[in-house]
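Here the structure is laid out as structure tokens; the discussion comes afterwards.
The values are calculated or read from the model by the stated rules, or taken from the named source; none is laboratory data. Being a predicted model, the structure only gives us computed values, none of them experimental. Virtual Cβ from ideal backbone geometry, glycine too; neighbours counted across all protein chains shown. Accessible surface is based on the protein model in full, side chains and every heavy atom, while ligands, DNA and RNA are left aside. Shrake-Rupley method; radii C 1.70, N 1.55, O 1.52, S 1.80 Å.
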Amino acid sequence: MGGWLYWYLGILIHTLQFSCSVRTVHGLIPQSPIQCSSSGCTLRNSYGAWGDRKDCSALNVTYPTTEEQLRSAVSYAVRNNLKVKVVTRFSHTIPKLSCPHENNNNNINSSTATLLISTEKYDSRIEIDAASMTATVDAGVGLRQLINAVEEAGFSLVAAPYWEGVTVAGLISTGAHGSSWWGKGGSVHDHVVGVSVVVPASKSEGYAKILRLEGQDPMLNAAKVSLGVLGAISKVKLSLERRFKRSITYNFTAEDDHIEDVYVDHAKMYEFADLTWYPSRHTVVYRYDSRVPLNASGDAVYDFIGFQANSILVSESVRAAEKLLESTRNANGKCLTASTTLGLKKLVGNGLKNNGQIFTGYPVVGYQGKMQTSGSCLYSSRFDTACAWDPRIKGLFFYESTAIFPASKFGDFAGDVRKLRDLKPENFCGVDNYNGLLIRFIKASSAYLGQPEDSVVVDFNYYRGNDPSNPRLNQDVWEEVEQLAFFKHGAKPHWAKNRNIAFLGVNQKYPKFNMFIAAKKQMDPLNVFSSEWSDEILYGQELSEKVDGCALEGLCICSEHRHCSPQKGYYCSHGLVYKEARVCRYLQSFISSTIV
């Protein structure tokens, strides 16, 4: 192994030590996703690149601060035949749901005028009703802002995603979740008891009106997970519980031989259970996470190390080293860093801090508001640190795939992944450099675009190249895992994540999909809030024309070699375990019999 690999390990160790040190670290605050000039506005997500890497443009943006201003903005759009999308100050959605209109060569089509409505400044009201144990909040309220207000009033929000860089309306619109099969479950939208939505209306109604959806109103089941295509959410009403504490312990020592035999029992035993599977390490990390009495000793914080501010120099160095491993096709180098990463996570408790400052041992006990979600890189201001994936620096750049399985089908998927792993374990080291396969649990939902049965969610991140025409090391492995999940085992994609191919045929996977479309036609009959991009995701549409290299970025499934990169040795081939899969595989010696 070359000296550069030890240099990489030093950088990696320094990154985690820097992230988990006692001293407070400040960082570069994420920039607004909307940038405007005299010619119009450009919308980007927080990673700086959409799935197709094309910019999203709009003629203008407006920033309402009240519900009436939000209604007026929608009214203006309807009156002037504008296409509209509502966006948040975070913009962490990976698919292009928030783009109001397709434009060619990044030039706005003058025949279709567009407007962005940002909720960045619509975040002032959080009304907590102690008697009904509910909180009613403006659409643009940030998750951390809500959690802090609720905890201060003596209550807790039970469900939340692990990443807190989201707004309340944004997170319910895309089905964001934590992990739980207990009570109302781990999806935030299943704790929603009311939604107010601004929708298009007739001239006599002022071109826009506010619908208050509560109780047994069937429209509430459409609005809970709406993808932003029904209208503009103005307020969300969430159920609360009395303030409580949690106790978390991670077990880093378990083998991965029996995941499919134990995941159900694990979820039933611990209210906030999850598992993290590191296939190349043959290891599963079990999270033992349950409520404890309010008087239990402990005031801990869960500050997940991946969401802490890192030195920009370190983030860029780690990315540079990762690119070097890719370009030299060094899978063993990735395996060494994967092993080191896992060992350091064990050492620092994955970011748990017993006294709010440092990890000293298990169990780690703290208030719900400090233990359920994290994202400390969002809040600091020092110029030399940032979230590791901030697009303004040359830091991490990755794909994130998230598959949602009916609980009964996850075991079969895990078995197939193990078979694929056993063929060549080092092929899985790239995903273990990030966070392995994160396995969480969400309950059956009444939401039309929620999960119709108790489900298991699998997240995994993996390297994305800066140049979309460059294939990736072990590209075929992740394409096969992706197709195993979404096509062989029928998983549904998380609405806010995934590459485009994950959504193929998604409309066939939801038994109440037609009920959602009926609600959409009733609330937005003119499709003011729909676009080519959101239709592509919602209706599971495939590319009308497969172009050269389209499979490299997950824009298509290859059916010809040109959809991969034959000039760089990547050909369209069959899967190794799932033979029906079509993947771009690196072949040193091209053999015609391997051709699809």
(message) Which numbered condition in (1) under 30 Å from residue 137 (Cβ atoms); (2) crowded, with 24+ Cβ neighbours inside 10 Å; (3) within 21 Å of the chain's Cα centre (by Cα) is the only one that residue 227 fails?
(response) (2)
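Would you confirm whether any residue within segment 170-186 is outside any loop (DSSP other than H, G, I, E, B), free of Cβ contacts under 8 Å to residues at least 24 places away in the same chain and not small (Gly, Ala, Ser)? Steps first, please.
Of all residues in segment 170-186, those outside any loop (DSSP other than H, G, I, E, B) come to 170-173, 177.
Now drop any that are not free of Cβ contacts under 8 Å to residues at least 24 places away in the same chain, which leaves none.
Scanning segment 170-186 turns up no residue that is outside any loop (DSSP other than H, G, I, E, B), free of Cβ contacts under 8 Å to residues at least 24 places away in the same chain and not small (Gly, Ala, Ser).
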(message) Here are the criteria: (1) at pLDDT 50 or above; (2) surrounded by fewer than 16 Cβ atoms within 10 Å (Cβ to Cβ); (3) of a type in the set (Ser, Thr, Tyr). Tell me which single one residue 46 does not satisfy.
(response) (2)
(message) Can you tell me how many residues within segment 127-163 are part of a loop (DSSP other than H, G, I, E, B), open to solvent by 10 Å² or more (accessible area, probe 1.4 Å) and in contact (Cβ under 8 Å) with a residue 12 or more places away in the chain?
(response) 7
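Out of segment 229-252, which residues are outside any strand (DSSP E or B) and within 30 Å of residue 448 (Cβ to Cβ)? Before the answer, list the steps.
Our first condition is that a residue be outside any strand (DSSP E or B); within segment 229-252, this holds for 229-231, 240, 243-244.
The answer is 229, 230, 231, 240.
Does segment 380-390 contain at least one residue that is in contact with an Asp or Glu (Cβ under 7 Å, 6 or more places away or on another chain) and either of a type in the set (Asp, Glu) or open to solvent by less than 40 Å² (accessible area, probe 1.4 Å) (or both)?
Taking every residue of segment 380-390 in turn, none turns out to be in contact with an Asp or Glu (Cβ under 7 Å, 6 or more places away or on another chain) and either of a type in the set (Asp, Glu) or open to solvent by less than 40 Å² (accessible area, probe 1.4 Å) (or both).
Let's see how each residue does on (1) open to solvent by less than 50 Å² (accessible area, probe 1.4 Å); (2) part of a helix (DSSP H, G or I); (3) in contact (Cβ under 8 Å) with a residue 60 or more places away in the chain; (4) within 30 Å of residue 499 (Cβ to Cβ):
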{"position": "61", "(1), (2), (3), (4)": "yes, no, no, yes"}
{"position": "73", "(1), (2), (3), (4)": "yes, yes, yes, no"}
{"position": "85", "(1), (2), (3), (4)": "yes, no, yes, yes"}
{"position": "93", "(1), (2), (3), (4)": "yes, no, yes, yes"}
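Please specify each residue of segment 448-477 satisfying the condition of being assigned to a helix (DSSP H, G or I) and open to solvent by less than 10 Å² (accessible area, probe 1.4 Å).
Filtering segment 448-477 for residues assigned to a helix (DSSP H, G or I) gives 475-477.
Matches in segment 448-477: 475, 477.
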(message) Checking residue 514 against (1) modelled with pLDDT of 95 or more; (2) touching a Cys at 6+ places or on another chain (Cβ under 9 Å); (3) not in a loop (DSSP other than H, G, I, E, B): exactly one of these is not met. Which one?
(response) (2)
(message) Among the residues that make up segment 431-439, is at least one of them touching a residue at least 40 places away in the same chain (Cβ under 8 Å) and part of a helix (DSSP H, G or I)?
(response) yes
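Residue-wise test of (1) open to solvent by 10 Å² or more (accessible area, probe 1.4 Å); (2) farther than 21 Å from residue 488 by Cβ.
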residue	(1), (2)
396	yes, yes
409	yes, no
417	no, no
433	yes, yes
(request) Please verify whether segment 209-223 includes one or more residues that are over 30 Å from residue 519 (Cα atoms), modelled with pLDDT of 95 or more and touching a Gly at 6+ places or on another chain (Cβ under 9 Å). (result) no
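So, residue 370, is that one surrounded by 18 or more Cβ atoms within 10 Å (Cβ to Cβ) and not hydroxyl-bearing (Ser, Thr, Tyr) or not?
Numbers: surrounded by 18 or more Cβ atoms within 10 Å (Cβ to Cβ): yes; not hydroxyl-bearing (Ser, Thr, Tyr): yes.
Answer is yes for this residue.
Of all residues in segment 516-557 being of a type in the set (S, T, N, Q) and within 16 Å of residue 197 (Cα to Cα), which is least open to solvent (accessible area, probe 1.4 Å)?
As a first pass, look at segment 516-557 and keep what is of a type in the set (S, T, N, Q): 522, 527, 530-531, 534, 541, 544.
If we keep only those that are within 16 Å of residue 197 (Cα to Cα) too, we end up with 522, 527, 530.
On the way: 522: 133, 527: 62, 530: 2 Å².
Across segment 516-557, the extreme among qualifying residues is 530.
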(message) Condition (residue is in contact (Cβ under 8 Å) with a residue 60 or more places away in the chain, part of a helix (DSSP H, G or I) and either open to solvent by 30 Å² or more (accessible area, probe 1.4 Å) or over 20 Å from residue 573 (Cα atoms) (or both)) applied to segment 492-502: is it met by at least one residue?
(response) yes
(request) Evaluate segment 18-34: report whether one residue or more is more than 22 Å from the chain's Cα centre (by Cα), over 28 Å from residue 124 (Cα atoms) and at pLDDT 90 or above. (result) no
(request) Kindly check whether there is at least one residue in segment 524-545 that is in contact with a strand residue (DSSP E or B) (Cβ under 6 Å, 6 or more places away or on another chain) and in a helix (DSSP H, G or I). (result) no
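Hey, among the residues in segment 49-59 that are over 18 Å from the mean Cα position of the chain (by Cα) and open to solvent by less than 60 Å² (accessible area, probe 1.4 Å), which one's modelled with the lowest pLDDT? First the steps, then the outcome.
We begin by selecting, within segment 49-59, every residue over 18 Å from the mean Cα position of the chain (by Cα); these are 54-59.
Of the ones still in play, those that are also open to solvent by less than 60 Å² (accessible area, probe 1.4 Å) are 55-58.
On the way: 55: 89, 56: 92, 57: 92, 58: 93.
If we take residues in segment 49-59 being over 18 Å from the mean Cα position of the chain (by Cα) and open to solvent by less than 60 Å² (accessible area, probe 1.4 Å), then 55 is modelled with the lowest pLDDT.
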(message) With the requirement that a residue be touching a Lys or Arg at 6+ places or on another chain (Cβ under 7 Å) and basic (Lys, Arg), what does segment 303-345 give you?
(response) 319
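Okay, residues lined up against (1) open to solvent by 10 Å² or more (accessible area, probe 1.4 Å); (2) within 16 Å of residue 436 (Cβ to Cβ):
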position	(1), (2)
312	yes, no
321	no, no
329	yes, no
340	yes, yes
353	yes, no
